[in-house]
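Working notes, beginning with the structure itself.
The values are calculated or read from the model by the stated rules, or taken from the named source; none is laboratory data. All values derive from a computational prediction rather than experimental measurement. Heads up, the Cβs are rebuilt from the backbone with ideal geometry, glycines too, and the neighbour counts pull from every protein chain shown.
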Amino acid sequence: MSGVPLAHQRSPAPITDYGLLSDTRTATLVGADGGIDWLCVPRFDGDPLFGRLVGGPAAGAFRVGPAAPAPVVERRYRRHSATLETTWTVDGARLTLTEAMVAELDGRLLPTTLLVRRLSAQGGPVDAVVEFDPRLGARHRRPRVHHRGRDLVCEWGSLAVSLGCAPNLTVEPGTPTALTVTPGDPVTIVLAIAHREPLVHVEPAAAWDLLVADEDRWRRWAADIDVSLPFRESVVRSLLTLRLLTYSPSQAPVAAPTTSLPEDPGGVRNWDYRYVWPRDASISVNAFLGVGKLDEANGFLAWLLHASRLQRPRLPALLTLDGRHVPRERELPGWRGYLDSVPVRVGNAAAEQHQLDGYGWVVDAAWVLVQAGHPLNSEMWRAVRGFADLVARRWPEPDAGIWEVREPVQHVHSTLMGWLAVDRALRIADTHRLSERQRRRWQRARDAIATDVRLRGFDPSQASYVRGYGSSELDAALLVLPLLGVDDPGSARVRGTVDAIRDRLSAGGPLLYRYPPGRDGLPGSEGAFLPCSFWLVQALAHTGRRAEAVELFRELLGRANSLGLYGEEVDPATGAFLGNYPQTLTHAALIQAALAIRDAPSADEGARE
Amino acid sequence: MDWAGWALFGIVATAALTASMITAQMVGLTRLDLPLVLGTIVTEDPDRARVAGFFMHLAAGQGFALGYAAVFAVLHRATWWIGALLGALHVAIALTVLLPLLPGVHPRMASHRSGPASTAVLEPPGLFGLNYGVQTPAVTAVVHVIYGVVLGLLLQAR
């Protein structure tokens, strides 16, 4: 076994190196060395089975790849699919790892979680390795191990994992297994997971067929997407990513499949994103509707309004995948963190916050659905009315805002989004039943918010709206201003705000900070916030500056990793991704930016790939 | 058996159960909406589903009342506490067997195995209906005990 790299000898890969595999119920992150360093079971927010990404080698990993470190010559998703292909060169030959999770079970007797990985060689035999070391949960529990037939079975009470290989390989947890892959004789490895149900054995050859069928299904899904989209290839990848991050049993989009990837490497800005933010879900409604994916858009909104029912009319800042209260935030002792960024957290304390902007996003999503010719049913309309009533009552109160700051203030962005909530509710009321009294109350609130925010949220000396009442700082969230309608998109206020943010929050090139760095009461710094850059594209497209929008969008596409994936933030100096990854909000913002470019009137650009 | 009592009081008990459940739902104790869950078996429109589901639930309640009446007849006793015990048994079966099995037969309910092709819109209830709120098992238990108590008080043991 000499020469075989053990997990603890591998240094942590840059976040940018990771690819996403998902079955729309849970997801894995795979490094460029073929190592799965993150997988939670049985769903996105479950216990980590492979947690090396933030837990170090003791948290387990599953690597399949070349025996010795080898350069990657190609890494890509197979076109319009969720199948990842990584090719290395080894001594003049090539070794390719093709892998995916099977998403569609179609009522067949299959494991709920099924991961298929196939190694194939070209140009000569290649030495490879399988390193399988599953550890469950916060304490990295080792499994009870036994063999059933040719399969390795690992058990932890109600959870069981089986590993099967063809041709047969004897794999032991924690011990690297060397093999030689010869051209024409691929090695297929199948990981099946059962939680509170019996394990289902799948022959590797049959599992491969399932992968191929799933791949065809994703291609058909992608084929339905509007062909007139600018930058269609990138947008399709973002849509696929968005769908892969949507938990199919409830249609809820998870913000990211990871916890505690740091916004500040070595620092404390490490949060658990394996939950659902209504804001992300609402932006996703717009994104899916804009490309003609009505089922997905409907599913998101229906789930959202159903999930928030228990706390209505309050809209929770975030929810679990099935609409429950997010667990209390706690730290995992002994987890070393990505690049020693501790603590590693599970749960999220932001669940208790009051975030006024959330109401605006959600009611706007409902309005977009109505505009597209889909009236709200009585239950949805009741929920929207409740949200608008709450905003009309509580808009002058301080809130944590979109950036979830610890000390509530009256954020200008939140106040504007409150205006949006009431305005869009009134527009929906044009075609839905509403009492005159309620209508008048909303109209009064809408006028009062507009007057107040124009007076107290705008700084004439900067010709820009600002971050909070009484503040002189800028806030990149205000880039949504041209979309709202509170001021005319061509007005000096809107143009001044867009220009001021672009100028003063610039992080270099197409990148923006979300607010002046470090001004959030937390220790450490952070990188440029990618969704803000896509909002700038959108703002430019909406204010008649389509050519600038297209140029900026092109630059931003260059900031994706080689697989077309984005994180939440990027280090302006190195281009490295920061924060949890891949990020639903960034991909949804990318899609919206592309839609804004598509819809912006212009004769001078033909921005097609 | 008390056929006349069954015909009348089965509806009364089911109406009491349904009203209690809707009240609990309205005050934010649970997201379990039984008329909606049942009605979406036959129609996608939530508003129509609630109407259809209400009548389906009445019919189901009437069916279960038959079992209660039969037990009372066998025991030669019909008291509120025997009704409550039967209600407890009834809800135990509903939460541990009927609700978890529902995704297998409901055309518009997702299951924990749903994939991207699923256009189902109702989320699966999960064990004890916990996906519809942590208080769902308690609420469901209380309303079924009410159902049993009503039948125990109103049905005759013959």
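Key figures for this structure:
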read-out	value
Unique match (being surrounded by fewer than 23 Cβ atoms within 10 Å (Cβ to Cβ) and either away from chain B (no Cβ under 12 Å) or of a type in the set (G, A, S) (or both)) among A:L289, A:L294	A:L289
Selected residue (criterion: farthest from the chain's Cα centre (by Cα)) from residues of the stretch A:364-407 that are under 19 Å from A:Q438 (Cβ atoms) and basic (K, R)	A:R393
Looking only at the stretch A:492-532, and only at residues there that are surrounded by 24 or more Cβ atoms within 10 Å (Cβ to Cβ) and of a type in the set (G, A, S), the one that is modelled with the highest pLDDT	A:A528
Unmet requirement for A:R220, which otherwise passes all of (1) outside any helix (DSSP H, G or I); (2) within 27 Å of A:A287 (Cα to Cα); (3) without any contact (Cβ under 8 Å) to a residue 60 or more places away in the chain	(1)
Of residues in the stretch A:342-352 being under 21 Å from the mean Cα position of the chain (by Cα) and of a type outside the set (A, V, I, L, M, F, W, C), the one nearest to A:W395 (Cα to Cα)	A:N348
Residue match in the stretch A:64-86 (condition: in contact with a strand residue (DSSP E or B) (Cβ under 9 Å, 6 or more places away or on another chain), basic (K, R) and within 14 Å of another protein chain (Cβ to nearest Cβ))	no
Helices (runs of 4 or more DSSP H) enclosed by the stretch A:374-457 - at least 1 residues per element that are among the aliphatic types (A, V, I, L, M) and modelled with pLDDT under 95	A:378-394
Within the stretch A:564-601, tally of residues that are part of a loop (DSSP other than H, G, I, E, B) and either farther than 22 Å from A:L84 by Cα or basic (K, R) (or both)	8
Flag if A:A206 is touching a Pro at 6+ places or on another chain (Cβ under 8 Å) and small (G, A, S)	no
Failed item in (1) modelled with pLDDT of 95 or more; (2) surrounded by 17 or more Cβ atoms within 10 Å (Cβ to Cβ), with A:D185 passing the rest	(2)
Extreme residue, farthest from the other protein chains (Cβ to nearest Cβ), among residues of the stretch B:130-142 that are of a type in the set (V, I, T) and within 12 Å of B:A88 (Cβ to Cβ)	B:V142
Residue count, the stretch A:317-336 (criterion: more than 21 Å from A:R382 (Cβ to Cβ), within 11 Å of chain B (Cβ to nearest Cβ) and either aliphatic (A, V, I, L, M) or in contact with an Asp or Glu (Cβ under 8 Å, 6 or more places away or on another chain) (or both))	3
A:L319 vs. criteria under 29 Å from A:A594 (Cα atoms) and crowded, with 24+ Cβ neighbours inside 10 Å	yes
Members of the stretch A:11-28 that are in a loop (DSSP other than H, G, I, E, B) and either in contact (Cβ under 8 Å) with a residue 40 or more places away in the chain or crowded, with 23+ Cβ neighbours inside 10 Å (or both)	A:P12, A:P14, A:Y18, A:D23, A:T24, A:R25, A:T26
Output for the stretch A:69-107, where each listed residue is modelled with pLDDT under 95, crowded, with 21+ Cβ neighbours inside 10 Å and over 26 Å from the mean Cα position of the chain (by Cα)	none
Residues of the stretch A:196-217 satisfying the condition of being within 14 Å of chain B (Cβ to nearest Cβ) and not in a loop (DSSP other than H, G, I, E, B)	A:L210, A:L211, A:A213, A:D214, A:E215, A:D216, A:R217
Residue pairs meeting the criteria (Cβ under 9 Å; at least 6 apart or on separate chains; first more than 9 Å from every other protein chain (Cβ to nearest Cβ) and closer than 10 Å to B:E123 by Cβ, in the stretch B:101-112; second part of a helix (DSSP H, G or I) and not aromatic (F, W, Y))	B:M109/B:V37; B:M109/B:L102; B:M109/B:P103
Unmet requirement for A:A372, which otherwise passes all of (1) surrounded by 17 or more Cβ atoms within 10 Å (Cβ to Cβ); (2) in contact (Cβ under 8 Å) with a residue 60 or more places away in the chain; (3) among the aliphatic types (A, V, I, L, M)	(1)
Residue check, B:L154 surrounded by 18 or more Cβ atoms within 10 Å (Cβ to Cβ) and more than 28 Å from A:M380 (Cβ to Cβ)	yes
Members of the stretch A:458-493 found to be in a helix (DSSP H, G or I) and within 19 Å of A:I402 (Cα to Cα), listed by number	A:A476, A:A477, A:L478, A:L479, A:V480, A:L481, A:P482, A:L483, A:L484
Qualifying positions in the stretch A:349-363 - in a helix (DSSP H, G or I) and surrounded by 24 or more Cβ atoms within 10 Å (Cβ to Cβ)	A:D357, A:G358, A:Y359, A:G360, A:W361, A:V362, A:V363
Helices (runs of 4 or more DSSP H) contained in the stretch B:21-98 and holding at least 3 residues within 22 Å of B:V142 (Cβ to Cβ), more than 14 Å from chain A (Cβ to nearest Cβ) and in contact with a helix residue (DSSP H, G or I) (Cβ under 6 Å, 6 or more places away or on another chain)	B:46-75, B:80-93
The one condition in (1) surrounded by fewer than 24 Cβ atoms within 10 Å (Cβ to Cβ); (2) within 14 Å of another protein chain (Cβ to nearest Cβ); (3) under 18 Å from the mean Cα position of the chain (by Cα); (4) of a type outside the set (S, T, N, Q) that A:R269 fails to fulfil	(2)
The stretch A:298-316, subset surrounded by fewer than 24 Cβ atoms within 10 Å (Cβ to Cβ) and among the small types (G, A, S), residue nearest to the other protein chains (Cβ to nearest Cβ)	A:A302
Hits in the stretch B:34-59 (condition: loosely packed, with under 15 Cβ neighbours inside 10 Å and not charged (D, E, K, R))	B:V42, B:V51, B:F55, B:A59
Matching entry among B:A49, B:A15, B:A24 (being closer than 30 Å to B:R77 by Cα and in contact (Cβ under 8 Å) with a residue 12 or more places away in the chain)	B:A15
Counted residues, the stretch A:113-149 - those being touching a Cys at 6+ places or on another chain (Cβ under 8 Å) and over 24 Å from A:T96 (Cα atoms)	3
Selection from the stretch A:108-126 of residues that are within 14 Å of another protein chain (Cβ to nearest Cβ) and surrounded by fewer than 15 Cβ atoms within 10 Å (Cβ to Cβ)	A:R108, A:L109
Residue that is within 13 Å of another protein chain (Cβ to nearest Cβ) and touching a residue at least 40 places away in the same chain (Cβ under 8 Å), where the choices are B:L122, B:L155	B:L122
